[in-house]
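Here the structure is laid out as structure tokens; the discussion comes afterwards.
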Amino acid sequence: MSDEEHHFESSDAGASKTYPQQAGNIRKGGHIVIKGRPCKVVEVSTSKTGKHGHAKCHFVAIDIFTSKKLEDIVPSSHNCDVPHVNRVDYQLIDISEDGFVSLLTDNGSTKDDLKLPTDEALLTQLKNGFEEGKDIVVSVMSAMGEEQMCALKEVAPK
């Protein structure tokens with residue numbers, strides 16, 4: 001037995017990106033994973049207990065990155081995956097030609113792996129503010145291994 005070599009395949013199951021929560025406890029404004037996408041819940045309706053004994057929760061949610069509307073129906077006693085959603089503010093340093101932004105983190109290092117936002121209004125606001133030389137702080141939302149700029153604010157120079 002000892003001369004056999006054991007080889008275990010390791011793969012990331014994505015478990016640390018979400019945590020379980022009972023469907024009946026998820027409220028409007030919370031987050032949920034529907035069809036493998038992190039979403040913000042915009043509507044929850046609960047049906048009565050039926051002939052087979054499970055009340056059902058009907059979730060209407062919007063994908064936090066693509067803004068697509070998704071729906072799901074889950075028995076209220078079952079667990080749903082809830083994504084860990086983080087929001088971090090960074091200062092904008094530069095916008096590169098290839099569609100990436102350079103951001104300054106809190107510890108003084110730079111973050112250069114983030115693409116320009118797909119939202120047109122946010123994109124024009126970002127580019128105009130940058131061209132005018134304003135100090136801009138962008139909010140970056142991250143969940144389940146994805147990151148995207150979701151908001152920006154201009155900071156008055158000190």
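The values are calculated or read from the model by the stated rules, or taken from the named source; none is laboratory data. None of these values were measured; they are calculated from a predicted model. Counting neighbours? That spans all protein chains shown, and the Cβs are built from the backbone with ideal geometry, glycine included. The accessibility values were calculated without ligands, DNA or RNA, using every heavy atom of the protein model including side chains. Shrake-Rupley method; radii C 1.70, N 1.55, O 1.52, S 1.80 Å.
Within region 91-107, if we keep just the residues that are more than 16 Å from Gly133 (Cα to Cα) and of a type outside the set (A, V, I, L, M, F, W, C), the residue that is nearest to the chain's Cα centre (by Cα) turns out to be Thr105. The set of residues in region 15-53 that are in a loop (DSSP other than H, G, I, E, B) and open to solvent by 80 Å² or more (accessible area, probe 1.4 Å) comprises Arg27, Lys28, Lys35, Lys48, Thr49, Lys51, His52. Look at Ser96 and say whether it is touching a residue at least 40 places away in the same chain (Cβ under 8 Å) and either open to solvent by 90 Å² or more (accessible area, probe 1.4 Å) or hydroxyl-bearing (Ser, Thr, Tyr) (or both). Answer is no for this residue. Looking only at residues in region 111-146 that are open to solvent by 80 Å² or more (accessible area, probe 1.4 Å) and assigned to a strand (DSSP E or B), the one that is nearest to Cys39 (Cα to Cα) is Lys115.
Filtering region 54-72 to residues that are within 21 Å of the chain's Cα centre (by Cα), under 18 Å from Lys28 (Cα atoms) and open to solvent by 60 Å² or more (accessible area, probe 1.4 Å) leaves Ile62, Ser67, Lys68, Lys69, Glu71. Scanning region 67-110 for residues that are part of a strand (DSSP E or B) and among the small types (Gly, Ala, Ser) yields one hit, Ser102. Scanning region 147-158 for residues that are exposed (fewer than 14 other Cβ atoms within 10 Å of the Cβ) and touching a Pro at 6+ places or on another chain (Cβ under 6 Å) yields nothing. So, Ser77, is that one of a type in the set (Ser, Thr, Tyr) and free of Cβ contacts under 8 Å to residues at least 40 places away in the same chain or not? It is false that Ser77 is of a type in the set (Ser, Thr, Tyr) and free of Cβ contacts under 8 Å to residues at least 40 places away in the same chain.
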